[in-house]
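The values are calculated or read from the model by the stated rules, or taken from the named source; none is laboratory data. As the structure is a computational prediction, the values presented were derived from the model and not from experiment. Note: ideal-geometry Cβ built from the backbone for every residue, glycine included; neighbour counts use all protein chains shown.
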Amino acid sequence: MRLTHGARAVLRAAVLARNASRPLDRLRAWVTGVQQRTNHNKAACALANKLARICYAVLRDHAPYGNPQPRPNRKLERTAFAIAA
C-alpha cells in the first residue's frame, strides 16, 4: 500500500517536472512514458512494482541503489545441491 502511495507521488511530481521542462532521471522518464501509453493508475502500479523490485534487489545484494557492479553469481558457490564426482 505504501509503495503505491509513494509511486503516485513520484508520478505526479514527474509529470509536473516534465511539464515545467525540468530534466528527469531515468526512472521518472520511464514512468511518464508508461503514463503516456496507458493511464495514470496503471503507470502508478507499474512504478510501485518497479520500486518493490528495486527494494528487493538492494536488500538481496547488500548494494546501494544504482550501483553499476554486476550481480555476483552465488549459485556457483552453493554447496547444497553439489553433485559428488
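Condition check ((1) under 30 Å from Lys75 (Cβ atoms); (2) over 14 Å from the mean Cα position of the chain (by Cα)) across all residues:
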| position | (1), (2) |
| --- | --- |
| Arg2 | no, yes |
| Val10 | no, no |
| Ala17 | no, yes |
| Ser21 | no, yes |
| Cys55 | yes, no |
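Of the residues that make up the stretch 40-59, is at least one more than 18 Å from Ala7 (Cβ to Cβ), of a type in the set (A, V, I, L, M, F, W, C) and modelled with pLDDT under 80?
Checked the stretch 40-59: no residue is more than 18 Å from Ala7 (Cβ to Cβ), of a type in the set (A, V, I, L, M, F, W, C) and modelled with pLDDT under 80.
Which residues, taken from the stretch 25-35, are modelled with pLDDT of 95 or more and either touching a strand residue (DSSP E or B) at 6+ places or on another chain (Cβ under 7 Å) or surrounded by fewer than 16 Cβ atoms within 10 Å (Cβ to Cβ) (or both)?
Ala29, Gly33
Consider only pairs whose beta carbons are under 6 Å apart and that are at least six residues apart or on different chains; among these, list those whose first residue lies in the stretch 48-69 and is free of Cβ contacts under 8 Å to residues at least 40 places away in the same chain and whose second residue is assigned to a helix (DSSP H, G or I) and β-branched (Val, Ile, Thr).
Every condition considered, the pairs that remain are Tyr65/Val58.
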